[in-house]
Ligand code: NAP
């Protein structure tokens, strides 16, 4: 069995819905003290109430990760409320589609500002507390899109997700001196509230291109993150784990026949 992480302080940016909520649920279930972060108070409050069921300690704070001062306030709240930060799950991200030929400065700045700059600012803000914990863990939510695959409309998004991995390799070296590890989970197609709205037929179509023939759950990303946060994963840094049901494996559709 893994050493318990009960009582550790965990910050999950974008933890108010989707994958981040799944990550928060898994950490809360393991007994961690969790702070979820988003920009919408109503969604954050509802998610914290839901995740707190059964006695788990989950609270929320509002922050826009693309803003340095918000990240500083987030880290200060976490340090005060959780008694420190042992784990930062830098998960907040957006994926508005825009064809490359029509992509505006605003489109590019919004996606890179949240997904890439937001990741860097979140990590920077939590550095002192992570170092003080003595076993700090940073876990990024990247994606298969960008680092491994492409998808029309997501050139800026793919660049932001691949950019996170460029960031993590140098961050892992710099932060090793403080005993902090930096790793990333690369989800494939994961069922979230947004995808749910697109209906069963859409999901079935997507599942057909995945060897395991189903989409992933937010909690399955959470369990990969939980592993990277354990004491037993202390010697893993600068690495990535693809969690995609084998989606990136087929060379062609023929590989999925039969
Ligand atoms: P989602 O359901 O739309 O949730 C996004 C979360 O991020 C929400 O909590 C949102 O809250 C928060 N957020 C967005 N912009 C923010 C900002 N500027 N500051 C603070 N919080 C912000 O998205 P998701 O599908 O769970 O995606 C989460 C992460 O997984 C993203 O990094 C995404 O790239 C990655 N991912 C998702 C999939 C997938 O299949 N779903 C696949 C690969 C990778 P507010 O809107 O209230 O701020």
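The values are calculated or read from the model by the stated rules, or taken from the named source; none is laboratory data. Note that the coordinates shown come from a computational prediction; the quantities given were computed from them, not determined experimentally. Here Cβ is always computed from backbone atoms with ideal geometry, including for glycine, and neighbour counts include all displayed protein chains.
Looking only at segment 50-73, which residues are away from the ligand (no atom under 15 Å from the Cβ) and in a helix (DSSP H, G or I)? Matches in segment 50-73: 53, 54, 55.
Of the helices (runs of 4 or more DSSP H) entirely within segment 191-230, those holding at least 1 residues that are free of Cβ contacts under 8 Å to residues at least 24 places away in the same chain and farther than 18 Å from residue 29 by Cβ occupy 193-196, 200-207. Restricting attention to segment 115-127, does a residue exist that is surrounded by fewer than 16 Cβ atoms within 10 Å (Cβ to Cβ) and over 26 Å from residue 224 (Cβ atoms)? Among the residues of segment 115-127, not one is surrounded by fewer than 16 Cβ atoms within 10 Å (Cβ to Cβ) and over 26 Å from residue 224 (Cβ atoms), which makes the answer no. Total residues in segment 204-220 satisfying the condition of being within 11 Å of the ligand (Cβ to nearest atom) and surrounded by fewer than 18 Cβ atoms within 10 Å (Cβ to Cβ): the figure is 2.
Taking the criterion of being buried (at least 23 other Cβ atoms within 10 Å of the Cβ) and farther than 18 Å from residue 128 by Cβ, the residues of segment 164-182 that qualify are 164, 168. Just one of the listed residues (130, 121) is touching a residue at least 12 places away in the same chain (Cβ under 8 Å), under 15 Å from the mean Cα position of the chain (by Cα) and under 22 Å from residue 176 (Cβ atoms), and it is 121.
Restricted to segment 28-42, and to residues there that are within 12 Å of the ligand (Cβ to nearest atom) and within 26 Å of residue 164 (Cα to Cα), the residue that is surrounded by the most Cβ atoms within 10 Å (Cβ to Cβ) is 36. Among the residues of segment 28-45, just one is touching a strand residue (DSSP E or B) at 6+ places or on another chain (Cβ under 7 Å), within 24 Å of residue 133 (Cα to Cα) and part of a helix (DSSP H, G or I), namely 28. The test for being within 9 Å of the ligand (Cβ to nearest atom), surrounded by 18 or more Cβ atoms within 10 Å (Cβ to Cβ) and touching a residue at least 60 places away in the same chain (Cβ under 8 Å) holds for residue 91. Within segment 225-239, being crowded, with 18+ Cβ neighbours inside 10 Å and in contact with a helix residue (DSSP H, G or I) (Cβ under 9 Å, 6 or more places away or on another chain) holds for 225, 226, 229, 237. Would you mind telling me which numbered condition in (1) at pLDDT 95 or above; (2) within 12 Å of the ligand (Cβ to nearest atom); (3) under 26 Å from residue 110 (Cβ atoms) residue 195 fails? Against the list (1) at pLDDT 95 or above; (2) within 12 Å of the ligand (Cβ to nearest atom); (3) under 26 Å from residue 110 (Cβ atoms), residue 195 comes up short only on (1). If you go through segment 1-27 and keep only what is more than 10 Å from the ligand (Cβ to nearest atom), touching a residue at least 24 places away in the same chain (Cβ under 8 Å) and not in a helix (DSSP H, G or I), you end up with 2, 3, 4, 5, 6, 7, 8, 9, 10, 11. Taken together, the residues in segment 74-88 that are in contact (Cβ under 8 Å) with a residue 12 or more places away in the chain, outside any loop (DSSP other than H, G, I, E, B) and either more than 18 Å from residue 123 (Cα to Cα) or over 17 Å from the mean Cα position of the chain (by Cα) (or both) amount to 5. Count of segment 240-258 residues, restricted to those that are surrounded by 13 or more Cβ atoms within 10 Å (Cβ to Cβ) and not in a loop (DSSP other than H, G, I, E, B), is 5. Just so you know, in segment 46-61 the residues that are crowded, with 16+ Cβ neighbours inside 10 Å and touching a strand residue (DSSP E or B) at 6+ places or on another chain (Cβ under 7 Å) include one that is nearest to residue 7 (Cα to Cα), and it is 57.
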